[in-house]
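First the structure, in the form of structure tokens, and then the observations on it.
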Amino acid sequence: VATGLLARLPAALAPATPAFVVADENTLPLLPPALAHLPRHVLPPGEASKSWAELERLLLALDAAGLDRDSHLVAFGGGVVTDLAGLAASLHRRGIPWSAVPTSLVGQVDAACGGKTAIDFAGGKNTIGSFHPPRAVLVDPAALASLPGEHLRAGLAEVLKTALIAGGELYARTLELDLPALVRADARATAVIAGCLSVKDGLVRRDLHDHGPRRALNLGHTFGHALEALSLRTPGAGLLHGEAVALGLLCAARVAGTRRGVGAGLEHRLRDRLSAWGLGTTRSGLDPDAVLAEMRRDKKRRGGRLTLILPLAPGRVEVLEGLDDDVVRIGLGALTPGC
Ligand SMILES: NC(=O)c1ccc[n+]([C@@H]2O[C@H](COP(=O)([O-])OP(=O)(O)OC[C@H]3O[C@@H](n4cnc5c(N)ncnc54)[C@H](O)[C@@H]3O)[C@@H](O)[C@H]2O)c1
Ligand SMILES: [Zn+2]
């Protein structure tokens, strides 16, 4: 993680010699001239590109470029680009090495690191994929200067999640982080991004396949995924993933308050920080039964048990097994306007 890294990109990738670049239409203009001569594949921006059809197009492009087992692929973009390019890298000739150069905040603190690659399939999100960790994740916070504000804010929800899991200095710095600092990519913002990346990297190293400690990263996601999926079914009311995670963090904090006696201060601090960043912290018209049904559907698609990660304190989370109507109702109470 370093500002100005993009300008030094080929050198920063060494000893790997990049052979192919995957970007999307919005990130292509940021591609350093030193990589512009490489064969490349450019995706239409947006989640819709994490599809079987786009995966096939990319695999055909890798084939046409004649990449062999040692050819190094560079994924240059947000989570959509790194998820799809990482999956293609894991499939081409049974797997070629790749590096991620994440350009969105979600990508920098989360998606590019950890080795999970995926497309959306048969109506489910991230249902086809692989574990294929990149050789390197190279983060230039200065790339965030051109990121649209809504995506910056959505990324901040993932930052807060990671900081809450870690506690300590990262949490304190995150509570002080403001949007202008992030857009300027000043030293404080860079420290927070580096801190989040290192927390995720530490969890992934202990548990690549997500059966143990890595599950902490699901904080805010049990409610978050359900609210995201439900929102996408109402035209015009769609939430970005990070916006849904922001709400999910508050639900998890509320359950921790009610079921584990965690003081209300934690939920208040999270709410204050999220709204200071311009993220929504309430949601009206939610039907608890529909939310629970969506959680169950999500669990079925992803496999595993229905669990909720509870924040007990900064730096301390606990896994709550078995979710019932009661827990869902308590959690959603955190989103009632005026609560
Ligand atoms: N693999 C994982 O562990 C993991 C973790 C979290 C999220 N994800 C996935 O990541 C995706 C979300 O990532 P995202 O939020 O980065 O989405 P994204 O890749 O769609 O990027 C958001 C938007 O910002 C644009 N953009 C990116 N960088 C830019 C820049 N520097 N300047 C201007 N525009 C820029 C993109 O073109 C896009 O329009 C989801 O599909 C999610 O499932 C994966
Ligand atoms: Zn997430």
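The values are calculated or read from the model by the stated rules, or taken from the named source; none is laboratory data. The structure displayed is predicted, hence computed values, not measured ones. No Cβ is skipped: glycine too gets one built from the backbone with ideal geometry, and neighbour counts run over all protein chains shown. The protein model used for the area step is the full one, side chains on, heavy atoms only, and it has no ligands, DNA or RNA in it. Shrake-Rupley method; radii C 1.70, N 1.55, O 1.52, S 1.80 Å.
Mind checking whether some residue in the stretch 263-283 is modelled with pLDDT of 95 or more, in contact with a Ser or Thr (Cβ under 6 Å, 6 or more places away or on another chain) and aliphatic (A, V, I, L, M)? Taking every residue of the stretch 263-283 in turn, at least one turns out to be modelled with pLDDT of 95 or more, in contact with a Ser or Thr (Cβ under 6 Å, 6 or more places away or on another chain) and aliphatic (A, V, I, L, M).
Scanning the stretch 116-146 for residues that are within 8 Å of ligand 1 (Cβ to nearest atom) and open to solvent by less than 30 Å² (accessible area, probe 1.4 Å) returns THR117, ALA118, ALA143, LEU144.
Every condition in (1) more than 14 Å from GLY224 (Cα to Cα); (2) open to solvent by 50 Å² or more (accessible area, probe 1.4 Å); (3) without any contact (Cβ under 8 Å) to a residue 60 or more places away in the chain is met by VAL319 except one, and the failing one is (3).
Residues are listed down the side, and each one gets a yes or a no for (1) within 24 Å of the chain's Cα centre (by Cα); (2) among the charged types (D, E, K, R); (3) modelled with pLDDT under 95; (4) within 13 Å of ligand 1 (Cβ to nearest atom):
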position: GLY4; (1), (2), (3), (4): yes, no, yes, no
position: SER49; (1), (2), (3), (4): yes, no, no, yes
position: GLY66; (1), (2), (3), (4): no, no, no, no
position: GLY78; (1), (2), (3), (4): yes, no, no, yes
position: VAL101; (1), (2), (3), (4): yes, no, no, yes
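Where strands (runs of 3 or more DSSP E) fall wholly inside the stretch 1-112, the ranges with 2 or more residues that are closer than 30 Å to GLY238 by Cβ, without any contact (Cβ under 8 Å) to a residue 60 or more places away in the chain and open to solvent by 20 Å² or more (accessible area, probe 1.4 Å) are 40-43. Of all residues in the stretch 260-271, one or more are farther than 12 Å from ALA154 by Cβ, within 21 Å of the chain's Cα centre (by Cα) and assigned to a helix (DSSP H, G or I). Inside the stretch 166-190, residues that are of a type in the set (Gly, Ala, Ser), in contact with a Leu (Cβ under 8 Å, 6 or more places away or on another chain) and free of Cβ contacts under 8 Å to residues at least 60 places away in the same chain make up a count of 1.
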